[in-house]
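Reviewing the structure listed below.
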C-alpha cells in the first residue's frame, strides 16, 4: 500500500507498515555517480545490445536458471511467504512491474545476489535469512531489486562467468592476465554498484537504522546486544583517516580482489546519503523518471561522476588522498612527505646511538 492508500495491480500484498512509493522512478535517482556514468555510457554505445546478445549465447544462462530451479527453493506464496511479501512490496515501492524470481539456497554464509542476462533472478542464502530480522531483510531485498532495476544483473553475471573462466585458464599466463584485467575493472564498477543498491534498499525499507543493523550483522554476526551502530560507524571513520601512506596503499591492495566494498565503508556511505539533501528531495517526491532516461546526457553523467570523485578526494581523511589534494594545491615539501611515508617499506630506522649511512 502506498501513502495514498492505493495498491498496485499484481502486487496484492499490503506492506506491514505504510511506506512512500516512487512511481516511475529512474534508477538514476539512487545510483552512485560513478556507477551511473558507466551505465549511461554503456547504454548509449552503438552496437552494445548486439555484443551482449552474442555473449548471451556463450554464457550459461539457461543452465544457471535450471540449477537454481532444481537445487534451491523458489520463493512464492507457498514457500518462504514472508520473503515473497517483501519482494512484492519492494517491486511495488520501486515500481518494478515484472517481479524477478527469487530463490533461497542452502549456504551458511550470509549472501545475496541478482544475476541473469535476459531477466534478473534474485538468490539469497539460508545464512542471510536466518541472520536478519524482517526490516533488515526488507532492506536487503530492496538492495537486490535495485540491482534489477539498474540492469546490474547483466554485468554481475559476466563478472561471475569471467571469474570462473579465469580459474580454468590460470595455466595460460597471457590469457589469464587479460581476463584478470577485465575482472579487476568489473569489480571496481561492481563495488560502486553496491553503494547504489544500498541506497535502493533504504528507499524500500525506509528505515536507516535497519539498513545499518543489517550491514553490521553481515560484518559481525547475530550478536546485536554486543554491537553498537555508532561504534560501528566510528570504525569506518578510523579506517578512512587512520594510518599513514603505507596503510593507504595496503587499503587499495586489500580492496582490489573484492567484489563488495568493506562493510563499514558501505554503512558510512549510506548514512552520508541518508542525511543528504538529495535523499530528502527524493523522499519528498522529486526524482528523475524512467520516461526521461532516453534524454540523459552522457557528458553530464561523466561530469557528475568527476565532480563526485573530486569532492570525495577533497573531503577524504585518508593520508594518500590528502597527499593528492596537496599535490593539486601545490603544497611544498611533497617529496619529503612521500619519502617519510614510505620509509617503513625499506629497512627499519637505526637504533639509538647508531650512525645513519650517507645520502642514498
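The values are calculated or read from the model by the stated rules, or taken from the named source; none is laboratory data. As the structure is a prediction and not an experimental result, all values here were calculated from the model. Cβ coordinates were reconstructed from backbone atoms using ideal geometry, including for glycine residues, and neighbour counts include every protein chain displayed.
Of all the numbered requirements in (1) surrounded by fewer than 16 Cβ atoms within 10 Å (Cβ to Cβ); (2) more than 16 Å from residue 35 (Cβ to Cβ); (3) out of contact with any helix residue (DSSP H, G or I) (no Cβ under 6 Å at 6 or more places or on another chain); (4) at pLDDT 65 or above, residue 262 misses one, and that requirement is (1).
Conditions tested, residue by residue: (1) modelled with pLDDT of 90 or more; (2) farther than 19 Å from residue 193 by Cα; (3) assigned to a helix (DSSP H, G or I).
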{"site": "233", "(1), (2), (3)": "no, yes, yes"}
{"site": "240", "(1), (2), (3)": "no, yes, yes"}
{"site": "247", "(1), (2), (3)": "no, yes, yes"}
{"site": "251", "(1), (2), (3)": "no, yes, yes"}
{"site": "267", "(1), (2), (3)": "no, no, yes"}
{"site": "270", "(1), (2), (3)": "yes, no, yes"}
{"site": "273", "(1), (2), (3)": "yes, no, yes"}
{"site": "280", "(1), (2), (3)": "yes, yes, yes"}
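Among helices (runs of 4 or more DSSP H) entirely within the range 75-169, having at least 1 residues that are touching a helix residue (DSSP H, G or I) at 6+ places or on another chain (Cβ under 8 Å) and under 19 Å from residue 189 (Cα atoms) singles out 134-150, 152-168. Scanning the range 67-96 for residues that are under 20 Å from residue 199 (Cα atoms) and in contact (Cβ under 8 Å) with a residue 60 or more places away in the chain gives 88, 89, 90, 91, 92, 93, 94, 95. Report yes if some residue within the range 188-199 is surrounded by fewer than 20 Cβ atoms within 10 Å (Cβ to Cβ), assigned to a helix (DSSP H, G or I) and modelled with pLDDT under 70; otherwise report no. Scanning the range 188-199 turns up no residue that is surrounded by fewer than 20 Cβ atoms within 10 Å (Cβ to Cβ), assigned to a helix (DSSP H, G or I) and modelled with pLDDT under 70. Any chance the range 282-289 includes a residue that's modelled with pLDDT of 90 or more and within 20 Å of the chain's Cα centre (by Cα)? Yes, the range 282-289 contains at least one residue that is modelled with pLDDT of 90 or more and within 20 Å of the chain's Cα centre (by Cα).
Got at least one residue in the range 219-231 being in contact with a helix residue (DSSP H, G or I) (Cβ under 9 Å, 6 or more places away or on another chain), at pLDDT 80 or above, assigned to a helix (DSSP H, G or I) and under 26 Å from residue 273 (Cβ atoms)? Yes. Residues in the range 129-156 that are touching a strand residue (DSSP E or B) at 6+ places or on another chain (Cβ under 6 Å) and in contact (Cβ under 8 Å) with a residue 60 or more places away in the chain: 140 alone.
Going by the structure shown, is residue 215 crowded, with 21+ Cβ neighbours inside 10 Å and either assigned to a helix (DSSP H, G or I) or under 15 Å from the mean Cα position of the chain (by Cα) (or both)? Spelling it out, residue 215 is indeed crowded, with 21+ Cβ neighbours inside 10 Å and either assigned to a helix (DSSP H, G or I) or under 15 Å from the mean Cα position of the chain (by Cα) (or both).
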